[in-house]
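Structure first, commentary second.
The values are calculated or read from the model by the stated rules, or taken from the named source; none is laboratory data. Quick caveat: nothing in here was measured; it's all calculated off a predicted structure. Counting neighbours? That spans all protein chains shown, and the Cβs are built from the backbone with ideal geometry, glycine included.
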Amino acid sequence: MGAQKQNKAQKYRPQQKNIAQNLLRQARDTFLVGALPIALVVTTPAIAQAFTGLYVFGDSLSDTGNVYRLTGNLFPPSPPYFNGRASNGPLWVEDLATLLGLPVDPNKNFAYISATSGDTNTAPIPGLPGLQQEFQQFQLTNPVVDPDALYTVLVGNNDYLGGGQTNPAVPVGNTIDFVRSLADSGARNILVSNLPDLGKIPLVTGDPTTSAGLTALTTAHNALLAGQIDLLRQARPDLTLISVDVASLLNNAIRSPQQFGLTNVTDACLPFSPGLELFPTQPACSNPDTYLFWDRIHPGRVGHQQIANTAFRAIESAAVPEPVTTLGMFTFAAFLAGAKAKRRKLKGVR
């Protein structure tokens, strides 16, 4: 892991070097008046940091097999589902781990199908946790929290779909409380995703009233979540909070499916509603990778790949303050500028 961290950091060192050289050049050509700032930092993308692991929290969009194992490999039925995932292939968190060069560790995945943002689970299976219990499980198995790992949370869908929630302030508040608890325990790199437009999933598109209501709820949820994340960034500058916009991704895929290699963005490849039905009664389509939705609720393999790509780009663009190793160069630049100014004054006396 140390070698990976060094290699990724080296990728961005030329940028720091160029910045330092530009400042040196400016210092030689201008007068510096006043004291040099005590601390100088340069922001570099968070991807320059080599994450030591990937910890996952949330619902069926992130559960890579927890409910499947608890039900004795019965739910979701695999096949047609992929090894206990609520999709026909790997989930976005697995694809993201690959992009980051990290192993997919099931012991670091605490997401459960049908989890809400609170302490309930909407699946008709007793004992399944919500997000708050996921955090408790994490605490039990991780008494010492790794500050260099990446922590992801995508939750809230089931608050609206099965939990009957009509006040976005509740799931957003639960999510922010979770992020705070995670940060207070020692996590420093936390990725938070907003929700896809639930009014566009095949389960509800046939009911305009329900569809419009869910669209309004998730739109309000996402706006409130974005505002709360911004406030938390201001309150906790020691954290790297990475926002992932799944809502815009889904909307773009529906508007321009050809850009994603999709031909069907309205129907489910598998006409099945997990959680509402026990087992599929009809076969899946023959070309699932051309469908945005695998079943009536969840995206397919291609959709998850696009979520992972979106998350990876968000990580790349996230900036974190890093102490500049060339602080001495800035000090030397100030010295050069001062010396040049002194020479100009002496020249004027002559």
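Kindly check whether there is at least one residue in segment 215-234 that is over 21 Å from V170 (Cβ atoms), at pLDDT 95 or above and not hydrophobic (A, V, I, L, M, F, W, C). Yes, there is a match, as at least one residue in segment 215-234 is over 21 Å from V170 (Cβ atoms), at pLDDT 95 or above and not hydrophobic (A, V, I, L, M, F, W, C). Among the residues of segment 175-194, those that are touching a helix residue (DSSP H, G or I) at 6+ places or on another chain (Cβ under 8 Å) and surrounded by 20 or more Cβ atoms within 10 Å (Cβ to Cβ) comprise T175, F178, V179, L182, N189, I190, L191, V192, S193, N194. Taking segment 219-240 as the range and being under 16 Å from V153 (Cα atoms) and of a type in the set (V, I, T) as the test, the residues that pass are I229, T240. For beta carbons closer than 6 Å, sequence separation of 6+ or different chains, a first residue in segment 70-87 that is farther than 16 Å from P124 by Cβ and a second that is aromatic (F, W, Y) and crowded, with 23+ Cβ neighbours inside 10 Å, the qualifying pairs are S87/W294. Mind checking which residues of segment 58-93 are crowded, with 19+ Cβ neighbours inside 10 Å and outside any loop (DSSP other than H, G, I, E, B)? Across segment 58-93, the qualifying residues are G58, N66, V67, Y68, W92, V93. Among the residues making up segment 94-119, a single one is crowded, with 19+ Cβ neighbours inside 10 Å, over 21 Å from N309 (Cα atoms), polar (S, T, N, Q) and without any contact (Cβ under 8 Å) to a residue 60 or more places away in the chain: T116. Residues in segment 111-137 that are under 17 Å from R180 (Cβ atoms) and either of a type in the set (V, I, T) or within 18 Å of the chain's Cα centre (by Cα) (or both): S117, L131, E134, F135.
For E322, the criteria (1) in contact with a helix residue (DSSP H, G or I) (Cβ under 8 Å, 6 or more places away or on another chain); (2) at pLDDT 95 or above; (3) surrounded by fewer than 18 Cβ atoms within 10 Å (Cβ to Cβ) hold in every case but one, which is (2).
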